[in-house]
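Undergrad: Please read through the structure below; I'll follow up with questions.
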Amino acid sequence: MPSPALDRPSRPAGGPLAGYGGACQRLPYAAYDETVDPGGGIRSQYVPVLQTLQTLSAEGLAQRAEALAGAHRSKGITFDLEGEERIFPLDLVPRILGDADWRLVQTGVAQRVRALEAFLADVYGAGRIMRAGVIPAAVITSSPQFARAVHGFSPPNGVRVHVSGIDIVRDEDGQLCVLEDNLRCPSGVSYVLANRAAMAQMLPELFSGQRVQAVTEYPARLLAALRAAAPHDVGEPTVVVLTPGVYNSAFYEHALLARLMGVELVEGRDLVVHGTSVFIRTTEGEAPVHVIYRRIDDDYLDPLQFRPDSLLGCPGLLNAARAGGVAIANAVGNGVADDKLVYSYVPDFIRFYLGEEPVLPNVPTARLTDPDVRAKVLADPQHHVFKRVDGSGGKGLVLGSSASGEELDRVCADVAARPRAWIAQRVVGLSTVPTWLGGRLVPRHVDLRPFAVHDGNSVWVLPGGLTRVALSEGELVVNSSQGGGSKDTWVVGGSALSESVAMQLSPVAGGLEASAAAQDPGPEFDVPSQQQQQQQQQQRPGRC
C-alpha cells in the first residue's frame, strides 16, 4: 500500500494532519523528520498509526490527550519544574523505531556500556589507559566526579554500571549519535513503564496488528542484575531501593521500582551499619541488607566519606562496600564517566578496551582545554552549544544561536577562565516527530534515552526507552526540567509482542513501601534540612 502524502491525508482537509509538511519547513533548524520522507510520504512504520489516528475527529483526539493526562495525574506521575510538581506530559502519538534502527541502538548501547565498565575498572585500578596516552591523567583527576575514596576497590561481580541511560539523538542526516552518558542514577524508566500502560489503556486501537516489543520485563531484569551483584557468600540476597525521600522529584520512580521488584523502599535513616555489615531497622529487629540500589548521589550517600552534613545517606556504607559486606548499585565514582569532557574520549575507549569501532558515534565535541580549539570556538560562539562538564537536565546549557549577547559574553569569559569546566558542541537539529498540540499535529524535536541493565554476563537494553520531546516550536532542549514532555517509544518488529493488558501501576501511599515486617522509622532528623537536600538532588545528573 503506498504511503499517503501527509499534507493530503485521507481524512477531510483541515484535520489534525493537515499542514504538517509546511510546519517542518518552517522550523528554525534543519531536521530529519522521522515520520515524513523528503517527498512528503509517510515512512512505513508510521502508516498504521497515522491511519488509525485519522479515523478519530479532532475532538476525539483532544479527549484522548486529556485522558492520557488524567491517567498520569491519577497515579501521581509527576516531575519537578522550578519547585512545582507538574504532570509529565505524554503525547498521544508514539515515537516508532523500526527493527533495523533498534538493532543499531541496542548493539551500540551495549558496546558503549561494556567499554565504560572497562574504563571505570581501569581508572580506579591499574590506569592502563592513562599510561597508554589515550586520555591524559589530568582529565581524570580534575573531574568533579572522580572519587578517590574508591580507588583500588572492585565490586563483587565486577559490575559498576548496573543501570545506564545513554542519551541518543538523530542528526540532520538521520544518523543516530550519542549525546551523553548517564551512569550514576539515571532516571526516567518509570515514565517508560507508565507511558506504555497509559497508551494501552487510552489508545488500545493503535496497537491493533502491531508487533510492538514489550517493556514489562525491565523490573525482573533489574532485580536479577542487583541480586547478581551481591557479596559472593550470600545465597539469598536482600535488595533494597534507597531513596532520598518523598521530597525528591523522582520519588515516584523509586517507589514504583521497589514495588514492581517486590523489595523494600528505604531512606538512609532506615539503615544502620555494624562493622562491615548493613542492616535495615524493622519492628521485629534489624535484618541484613546485601544490595543497595541507591538513588542518592555520591555526595549524600555516606557522611563519613563525603558531605558530613548529609541527612539522606547512612554513615559507614562505603566502608561496608569496600569490605565486601554490601554491594552498592550503581557504584560510587561512576560520575567520572559522565563527565562531558571524558565523554569525548569514549570512542577511543571502545577501540582501546574492546578492539572495535564504535557502532554509535559521538556528537562532535570541542575539548576547550586545548588552546587552539578554544580560540576557534570562542571566535564563533553563535554556532556552538556550550555545556558544563558536570551539568544535567539542560541546566547551564547555552545555545549560541539563540543566546543574548550578554549571555554569550558571560559564557565565553567563563570558558576562557575555566576551560576544564566546559565543552562545546555544534548545534544539532534534533529529529522531529508529530506531536499533538493546539488541536493539530506539529513537528517537535525529540531525543531518546535507552536504559541498559548489566548483570555481569550480558548487557540487556530495554526495547525503546524514554523519548523526550520539546513542546515549544523550534526548541532543542527536551528535558522535562526545562518544560519538555514524553512519548511512548515503540520498537516494531522482532518476536516480542506488546502487552495486551495495561499494567497496573499505582502510586505508593504512605511514604515507605509496606512490608511483612513494618519498618522502624529510625532516628528523627531536621526535617527542613532533609527536605532541602532531597530537592537539591533534582539538579543532579541523570535527571530527565
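The values are calculated or read from the model by the stated rules, or taken from the named source; none is laboratory data. What you see is a predicted model, and the numbers here were worked out from it, not measured in a lab. For neighbour counting, all protein chains shown are included, and Cβ atoms are generated from backbone atoms with ideal geometry for every residue, glycine included.
Undergrad: So, restricting to strands (runs of 3 or more DSSP E) that lie completely within the stretch 68-138, which ones have at least 3 residues that are under 27 Å from Asp455 (Cβ atoms)?
TA: In the stretch 68-138, there are no strands (runs of 3 or more DSSP E) which contain 3 or more residues that are under 27 Å from Asp455 (Cβ atoms).
Undergrad: If a residue must be more than 30 Å from Ser44 (Cα to Cα), hydroxyl-bearing (Ser, Thr, Tyr) and more than 20 Å from the chain's Cα centre (by Cα), how many such residues does the stretch 204-246 contain?
TA: Looking only at that region, the number is 1.
Undergrad: When you go through (1) at pLDDT below 95; (2) surrounded by 19 or more Cβ atoms within 10 Å (Cβ to Cβ); (3) not acidic (Asp, Glu) one by one for Gly268, which number turns out not to apply?
TA: Only one criterion is unmet by Gly268, namely (1).
Undergrad: Continuing with this model, one more query. Given the options Ala424, Ala403, Ala416, name the one that is touching a helix residue (DSSP H, G or I) at 6+ places or on another chain (Cβ under 9 Å) and part of a strand (DSSP E or B).
TA: Just a single option satisfies the conditions, and that option is Ala424.
This table checks each residue for (1) farther than 20 Å from His162 by Cα; (2) touching a Lys or Arg at 6+ places or on another chain (Cβ under 8 Å).
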{"residue": "Ile296", "(1), (2)": "no, no"}
{"residue": "Tyr300", "(1), (2)": "no, yes"}
{"residue": "Leu312", "(1), (2)": "yes, no"}
{"residue": "Pro315", "(1), (2)": "yes, no"}
{"residue": "Ala321", "(1), (2)": "no, no"}
{"residue": "Gly333", "(1), (2)": "no, yes"}
{"residue": "Val336", "(1), (2)": "no, no"}
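Listed here are the residues, each with its yes/no results for (1) farther than 22 Å from Val241 by Cα; (2) of a type outside the set (Val, Ile, Thr).
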{"site": "Asp171", "(1), (2)": "yes, yes"}
{"site": "Ser187", "(1), (2)": "no, yes"}
{"site": "Ser190", "(1), (2)": "no, yes"}
{"site": "Ala200", "(1), (2)": "yes, yes"}
{"site": "Thr216", "(1), (2)": "no, no"}
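Undergrad: Show the residue pairs that are 6+ apart or on different chains and have beta-carbon atoms under 8 Å apart, the first residue being within the stretch 48-60 and in contact (Cβ under 8 Å) with a residue 12 or more places away in the chain and surrounded by 18 or more Cβ atoms within 10 Å (Cβ to Cβ), the second being assigned to a helix (DSSP H, G or I) and not charged (D, E, K, R).
TA: Close Cβ pairs (under 8 Å, with a partner that is assigned to a helix (DSSP H, G or I) and not charged (D, E, K, R)) amount to Val49/Leu206; Leu53/Leu61; Leu53/Leu206.
Undergrad: What number of residues within the stretch 345-382 are outside any helix (DSSP H, G or I), in contact with an Asp or Glu (Cβ under 9 Å, 6 or more places away or on another chain) and either modelled with pLDDT under 95 or of a type in the set (Lys, Arg) (or both)?
TA: Here the count works out to 0.
Undergrad: Residues in the stretch 445-460: is at least one surrounded by 18 or more Cβ atoms within 10 Å (Cβ to Cβ), closer than 20 Å to Leu183 by Cβ and among the aromatic types (Phe, Trp, Tyr)?
TA: yes
Undergrad: Turning to a different aspect of this structure: Restricting to the stretch 114-135, name every residue that is loosely packed, with under 13 Cβ neighbours inside 10 Å and within 18 Å of Gly335 (Cβ to Cβ).
TA: Gly125 - this is the single residue of the stretch 114-135 that is loosely packed, with under 13 Cβ neighbours inside 10 Å and within 18 Å of Gly335 (Cβ to Cβ).
Undergrad: Let me ask something else about it. Residues Val342, Val332: which one is in a helix (DSSP H, G or I), within 27 Å of the chain's Cα centre (by Cα) and not acidic (Asp, Glu)?
TA: From the options Val342, Val332, the qualifying one is Val342.
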